[in-house]
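Undergrad: The structure under discussion is supplied below as structure tokens; questions concerning it will follow.
The values are calculated or read from the model by the stated rules, or taken from the named source; none is laboratory data. Source: prediction; values computed, not measured. Cβ coordinates were reconstructed from backbone atoms using ideal geometry, including for glycine residues, and neighbour counts include every protein chain displayed. When the accessible area is computed, the model is the full protein with side chains, heavy atoms only, and any ligands, DNA or RNA have been set aside. Shrake-Rupley method; radii C 1.70, N 1.55, O 1.52, S 1.80 Å.
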Amino acid sequence: MSHPESSTPPETRARPWWQRIPLTLQIVIALVVAISVGIVLGAGNPSPSNAALINNLAIPAELVLKALRALATPLILVAVLHTLMTTNIPGTTGRRLFVLLLTNTTVAILVGLFVANVLRPGTWGNVVTSTNTQITSQSLDPWGLLKDAVPEAVLKPLVDNNVIQLIVIALSFGIVLRGLKSEQIAQGKNGYQPIEDVIGILFEAVVRILNWVIALVPFAVFGIVAKTVAKEGFAPFQSLGAFIVAVLAALFLQACYYLTRVKFNSWVHPLKFLAGGSDAFLTAFSTSSSAAAMPVTFEVLQTKVGLRESSAALGALVGANFNNDGTALYEAMSALYISQLIGQHLSLGQQVIVILTSIFASVGAANIPNAGLVTMTLVFTSVGLPTQYIALLVTVDWFLDRCRTAINVMGDMTVSTLLDGKKPRIVDDEA
């Protein structure tokens, strides 16, 4: 006999009190408690008797990072397949949409690397690093990159965390499956549906596991901050402050690039663009999710900016599945920041690999909350950076994630505005 409570939908059941606290507030609380514990344990001058306790504080962060590394490759694989199978992309306009998205993402990464190379935030503080953080120097070898893009076995990239090979496999299968789906729809068949359903279920499963891991982030923040404060005091956070300033400066430059494109390649005035999109920007910042902001973005593009429905849909609904400019910028800057922090600077060839990896890693993860932490592990691995230093970035990621999500949405709006052309729609908005 079934119990009455078993028929209650999961979303309507009362959640535990700790799950009702916003993740941002949980992280802030973890930071405050961690700083207090770090001060009690020595604040840079710890007692030798507390050495084991202090080192064990970082265990939650290590476990979270291991889980993120494990999730990275299946997340990207199923996200790309799911996006290509379910997104409706028109022909000629779709090609123009693809060019705009690729251009915006590439510019974002170049802006991020430029700011990181100029400001060099990783050199603004003293951080004690381990001695085994040497990075193998790599020269720029286009043919080598091309050869490395083809995997020796289909499943090998999943084991090696090779994001370029993984994207090649995902795009190959995704494009073929999409073609087969189109052919079967034209023939009135639906044999593709079970595969699409399986991919959708796998995608949902990976995202749910990711949400479990993200729920543990406050514990990781507590552990890494408490350990860092106890062992090294507050000196390491000086460079983190510089990193925040550098990322915000780069995001501002990317926003200026968007407004310049809007000014010269569309009929919309930049001020109208900013004023009309304010609701979408605030929604993206407050929710830290471009998917949550998507309906708002779609609405304001039509009602407040005045775009055609087709243009608004392509940028806000279709483009949002591929666009991740702010996150790609952040990941590229993070790689360069950590390389500066540990004194192992990336060569030009390695920075090109960072560019390619950041582009590929952002393809299918645009609408997944906090996916930047996952794909960052792939970016770091591609150039041999130690992923344990991502734990240091987790302490500020909760804030920068909101900022870069707002830029992601601004990029979606820019694409819609450019697709709308230089002639406004016939309806007079001022009537």
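Undergrad: Before we move on, is ASN55 more than 22 Å from the chain's Cα centre (by Cα), polar (S, T, N, Q), in a helix (DSSP H, G or I) and at pLDDT 75 or above?
TA: Against the criterion (more than 22 Å from the chain's Cα centre (by Cα), polar (S, T, N, Q), in a helix (DSSP H, G or I) and at pLDDT 75 or above), ASN55 qualifies.
Undergrad: Out of the residues in the range 335-364 meeting the condition of being buried (at least 24 other Cβ atoms within 10 Å of the Cβ) and either in contact with a Cys (Cβ under 7 Å, 6 or more places away or on another chain) or not in a helix (DSSP H, G or I) (or both), tell me which one is modelled with the highest pLDDT.
TA: Result: LEU346.
Undergrad: Okay, next question. Does at least one position in the range 189-202 carry a residue that is acidic (Asp, Glu) and either closer than 21 Å to ARG69 by Cα or open to solvent by 60 Å² or more (accessible area, probe 1.4 Å) (or both)?
TA: Yes; the residues of the range 189-202 include at least one that is acidic (Asp, Glu) and either closer than 21 Å to ARG69 by Cα or open to solvent by 60 Å² or more (accessible area, probe 1.4 Å) (or both).
Undergrad: Would you please name the residue that is nearest to the chain's Cα centre (by Cα), looking only at residues in the range 83-105 that are at pLDDT 80 or above and either more than 23 Å from LEU329 (Cβ to Cβ) or open to solvent by 60 Å² or more (accessible area, probe 1.4 Å) (or both)?
TA: Looking at the filtered set, the residue picked out is LEU102.
Undergrad: With ALA108, ALA170 as the choices, which residue is open to solvent by less than 20 Å² (accessible area, probe 1.4 Å), modelled with pLDDT of 85 or more and either part of a helix (DSSP H, G or I) or not acidic (Asp, Glu) (or both)?
TA: Of ALA108, ALA170, the one residue that is open to solvent by less than 20 Å² (accessible area, probe 1.4 Å), modelled with pLDDT of 85 or more and either part of a helix (DSSP H, G or I) or not acidic (Asp, Glu) (or both) is ALA108.
Undergrad: To continue, here is another question. Which one of VAL198, VAL229, VAL225 is β-branched (Val, Ile, Thr), free of Cβ contacts under 8 Å to residues at least 60 places away in the same chain and farther than 30 Å from MET413 by Cβ?
TA: It is VAL198.
Undergrad: While we're looking at this one, here's another question. Output the residue which, of all residues in the range 58-76 that are under 13 Å from LYS227 (Cα atoms) and in a helix (DSSP H, G or I), is most open to solvent (accessible area, probe 1.4 Å).
TA: Going through the qualifying residues, I end up with GLU62.
Undergrad: Need pairs with beta-carbon distance below 6 Å; first residue closer than 17 Å to GLY411 by Cα and within the range 327-342, second not in a helix (DSSP H, G or I); sequence gap 6+ or separate chains.
TA: Hits for this filter: THR327/SER362; ALA328/SER362.
Undergrad: Something else now. Which of the following residues is open to solvent by less than 50 Å² (accessible area, probe 1.4 Å), without any contact (Cβ under 8 Å) to a residue 40 or more places away in the chain and not basic (Lys, Arg): SER278, SER311?
TA: Unique residue meeting the criteria: SER278.
Undergrad: So, one more: Go through the range 281-308 and give me each residue that's open to solvent by 40 Å² or more (accessible area, probe 1.4 Å), touching a residue at least 40 places away in the same chain (Cβ under 8 Å) and not in a helix (DSSP H, G or I).
TA: Residue satisfying the conditions is ARG308 alone.
Undergrad: Sticking with this structure for a sec: May I ask you to list the residues in the range 173-199 that are among the small types (Gly, Ala, Ser), assigned to a helix (DSSP H, G or I) and either over 23 Å from LEU378 (Cα atoms) or in contact with an Asp or Glu (Cβ under 9 Å, 6 or more places away or on another chain) (or both)?
TA: Within the range 173-199, GLY179, SER182, ALA186 qualify.
Undergrad: The conditions are (1) surrounded by 12 or more Cβ atoms within 10 Å (Cβ to Cβ); (2) polar (S, T, N, Q); (3) modelled with pLDDT under 75, and GLN184 fails exactly one of them. Which is it?
TA: (3)
Undergrad: For THR327, indicate whether it is in a helix (DSSP H, G or I) and at pLDDT below 80.
TA: For THR327, the condition - in a helix (DSSP H, G or I) and at pLDDT below 80 - is not met.
Undergrad: I need the full set of residues from the range 16-52 which are more than 22 Å from SER288 (Cα to Cα), surrounded by 15 or more Cβ atoms within 10 Å (Cβ to Cβ) and modelled with pLDDT of 80 or more, in order please.
TA: Passing the criteria: VAL33, ALA34, ILE35, VAL37, GLY38, ILE39, LEU41.
Undergrad: If you don't mind, there's one more thing I want to ask. For the range 260-275, which positions are within 21 Å of ILE109 (Cβ to Cβ) and surrounded by 17 or more Cβ atoms within 10 Å (Cβ to Cβ)?
TA: Residues satisfying the conditions are ARG261, VAL262.
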